[in-house]
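A quick write-up on the structure given underneath.
The values are calculated or read from the model by the stated rules, or taken from the named source; none is laboratory data. Everything quoted here is computed from the prediction, not taken from an experiment. Note that we place each Cβ from the backbone using ideal geometry, even for glycine, and neighbour counts take in every protein chain shown.
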């Protein structure tokens, strides 16, 4: 039977703030205040990849505040618990009737009932817009009740905090009208670089450049590109949805080629697989390359000097010196015989 998704959105707002009576989203006052008393304990979960999805597992040792180092998700727990979570594909048809669009990955979270009382979702907002009422909320997609929206308990510079009871898919969403029609502020973003080293049969090396919202983690990208090497860099920048950006390599060696040749559009996509915004092809002998990204007004929004040298590779001069030293010691040993 066909489900009329628009009927699922009846304006139901579930929250832990004053005046809301739905018991599923009310928690004890001491649990609600826990995040104000405790700094999160960082953990690195076990990772399982079932292409194109990635799942994570972590055993919380007891009550506390725990932050995943790979996704930046924060879990507030009331007791010991086994956490399992991973990304799922958004069905944006569920959001369109109420004017919402994804503002982060959709996470499918499972755990024993009642063990998790709060979730903190990383956002990609800048300070200027965080005070806009109703801009950000969290959608809870229940198989029994359909989607419901949770009003934030609190929004920090980095996270949107909601209180939860039942666990199932959760995702951060924007009010499209308030965020992208009434104003055009940039979103907090980052540039991820991946290097494909030269192969014996190919005369060039490749550098892949991803322009992404800040709350898409490196781990969500490199699962699809295991043969590429991630290059850490000063990655933070601010980018505007649907604006076109150009990449250049000023002073790059002859033979440098940038694809696409024209500007590329910055798209706020949150899914299971991400593709490079730009590809740079360079001669195999290139050890450094400058990268500059400009917006439509030709303003530089990000630049970096990329080091392509393999830190584990022994420089030729050292190799020659080692070989000379070896010959010297061999000759010396022969003379002493």
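Here are the numbers:
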| item | result |
| --- | --- |
| Filtered residue count, the range 196-218, keeping only those that are surrounded by fewer than 19 Cβ atoms within 10 Å (Cβ to Cβ) and under 26 Å from residue 44 (Cα atoms) | 1 |
| In the range 157-201, residue nearest to residue 239 (Cα to Cα) [restricted to those that are part of a loop (DSSP other than H, G, I, E, B) and either under 17 Å from the mean Cα position of the chain (by Cα) or modelled with pLDDT of 95 or more (or both)] | 186 |
| Tally of residues being surrounded by fewer than 16 Cβ atoms within 10 Å (Cβ to Cβ), modelled with pLDDT under 95 and outside any strand (DSSP E or B) across the range 39-60 | 3 |
| Residues of the range 89-134 satisfying the condition of being surrounded by 19 or more Cβ atoms within 10 Å (Cβ to Cβ) and either in a loop (DSSP other than H, G, I, E, B) or without any contact (Cβ under 8 Å) to a residue 24 or more places away in the chain (or both) | 90, 95, 123, 124, 125 |
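Quick grid of which residues meet (1) in contact with a strand residue (DSSP E or B) (Cβ under 8 Å, 6 or more places away or on another chain); (2) modelled with pLDDT under 95; (3) buried (at least 19 other Cβ atoms within 10 Å of the Cβ); (4) part of a strand (DSSP E or B):
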| site | (1), (2), (3), (4) |
| --- | --- |
| 30 | no, yes, no, no |
| 36 | no, yes, no, no |
| 66 | yes, no, yes, yes |
| 75 | yes, no, yes, yes |
| 86 | yes, yes, yes, yes |
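Here is a yes/no grid of residues against (1) in contact (Cβ under 8 Å) with a residue 40 or more places away in the chain; (2) buried (at least 18 other Cβ atoms within 10 Å of the Cβ); (3) touching a helix residue (DSSP H, G or I) at 6+ places or on another chain (Cβ under 8 Å); (4) closer than 16 Å to residue 191 by Cβ:
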residue	(1), (2), (3), (4)
220	yes, yes, no, yes
224	yes, no, no, no
233	yes, no, no, yes
249	yes, yes, no, yes
272	yes, yes, no, no
